[in-house]
Protein chains: 2
Amino acid sequence: MKTRSTRKKITKNKKNNKIIRVLAQGTFDLLHAGHVHYLREAKSHGNHLTVIVARDDSVKRVKNHPALFSERSRVHMVRALKHVDRAVLGGKGNRLDKVLEIHPDVIVLGYDQAVSVRKLANDLASRGLVCKIVRARAFSPHVYKSSKLKKVIHQKMST
Amino acid sequence: MKTRSTRKKITKNKKNNKIIRVLAQGTFDLLHAGHVHYLREAKSHGNHLTVIVARDDSVKRVKNHPALFSERSRVHMVRALKHVDRAVLGGKGNRLDKVLEIHPDVIVLGYDQAVSVRKLANDLASRGLVCKIVRARAFSPHVYKSSKLKKVIHQKMST
């Protein structure tokens, strides 16, 4: 959540035409309204949104199953969304390398991303990046959660 | 395809800041790169793109199976795409009513839409709308065709 002082600072920086780089990240397999909501909220924290799209290898490792769409296709689709200024694939090595390369002012985590805000802030600070980290709000997670949607779609396809 | 004279006219109108309304239409279930390619090409024919998204009822009637995503969700996703200025659901009555309401300068048909350009032009002209009708080029249809993609996804989900 944004505090009142953060909101004031962002509004002031926006008025001064200062570029405020925001970073969002995710798998973005089977693009849905929850993703759009997350990216719109992320963009509202600044005025330039970069999105890191997870590579096929890391999706398989983290989620224990392959993505339905290839990394090339997923990054292409995220790039086509209105709120997105830039979409790139995640790094192949340490997951923080790409974040440091982008050097965001604000990182917006997805509501269900299993990352501790405090730990991420500490890890980044120890590598020289001090930035604001906020967590996005959930958007109808009973419907728009990729794993749930996939189950519903699989059922529909099987009938 | 655009002829040389059409291209010249569009470039001239764009330079004169004249609004050239383009219309595209489709189901847009399970959004993929082929859809983005179609809408980008459609937008290149003018400078304001409206997209008609097929209603659930008509998807069921035309394709003999229900859409995976609801009409509300599909129109929401199309609206979130960069090239799209406006996305609306199709009409409930005669399929031409919505087209006449939008009154486009150019209609861009999908490469695989089973509509005859000549018949559509005649039908619209008989109701007072004379506009250019072009057909979009296919974009890797061996991969990015909704029905094929759905089969691949279903297979992946079943393993």
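The values are calculated or read from the model by the stated rules, or taken from the named source; none is laboratory data. All values derive from a computational prediction rather than experimental measurement. Backbone-built Cβ (ideal geometry, glycine too); neighbour counts: all protein chains shown. The protein model used for the area step is the full one, side chains on, heavy atoms only, and it has no ligands, DNA or RNA in it. Shrake-Rupley method; radii C 1.70, N 1.55, O 1.52, S 1.80 Å.
Taking other residues whose beta carbon is less than 15 angstrom from the beta carbon of B:D112, and scoring Lys, Arg as +1 and Asp, Glu as -1, yields +4. Within the shell defined by Cβ-Cβ distances under 13 Å, the residues around A:R95 carry a net charge of +2, with Lys and Arg each +1 and Asp and Glu each -1.
Kirkwood radius for the protein assembly as shown, taken over all pairs of different Cα atoms as the inverse mean of 1/r, rounds to 21.5 Å.
Using heavy-atom solvent-accessible surface (probe 1.4 Å) with all chains present, what is the largest-first order of A:I19, B:I20? Present the calculation step by step, with values, prior to reporting the outcome.
Values: A:I19 95, B:I20 10 Å².
The residues order as A:I19, B:I20, largest area first.
Placing a label point 7 Å from Cα along the Cα-to-Cβ axis, B:K60 is separated from the same position in the other copies by 4.0 nm, shortest listed first.
Express the C-alpha Rg of region B:107-153 as a ratio against the empirical globular expectation 2.2 N^0.38 Å, rounded to two decimals.
Values: Rg = 14.2 Å, N = 47, 2.2 N^0.38 = 9.5 Å.
After normalising by residue count via 2.2 N^0.38 Å, the value is 1.50.
Taking R0 as 30 Å, what FRET efficiency do you get between B:N94 and B:A138 from their Cβ-Cβ distance, rounded to the nearest 0.05?
Details: r = 29 Å, r/R0 = 0.95.
Taking R0 as 30 Å, the efficiency between B:N94 and B:A138 is 0.55.
A:H37 sits among other residues whose Cβ lies under 13 Å from its own Cβ, and their net charge, with Lys and Arg +1 and Asp and Glu -1, is +4. Each principal axis of the Cα cloud of region A:34-159 was evaluated for its coordinate range; sorted largest first, these ranges are 53, 30, 27 Å. Taking the C-alpha atoms only, the angle from helix A:33-43 to the longest principal axis of chain A is near 10 degrees.
Mind checking the mean number of beta-carbon atoms from other chains within 10 Å of the Cβ atoms in B:35-48?
1
What is the diffusion coefficient of region A:43-102 in µm²/s, taking the Kirkwood radius over Cα pairs and the Stokes-Einstein relation at 37 °C with a viscosity of 0.692 mPa s? Roughly 266 µm²/s, to the nearest whole number.
With a Förster radius of 45 Å applied to the beta-carbon distance between B:D123 and A:I19, the computed FRET efficiency rounds to 0.35. Which pairs in the list A:K82/B:K151; A:K132/B:K150; B:K43/B:K119; A:K148/B:K43; A:K92/A:K148 are over 32 Å apart, alpha-carbon to alpha-carbon? Violating the 32 Å Cα-Cα cut-off are A:K132/B:K150; A:K148/B:K43.
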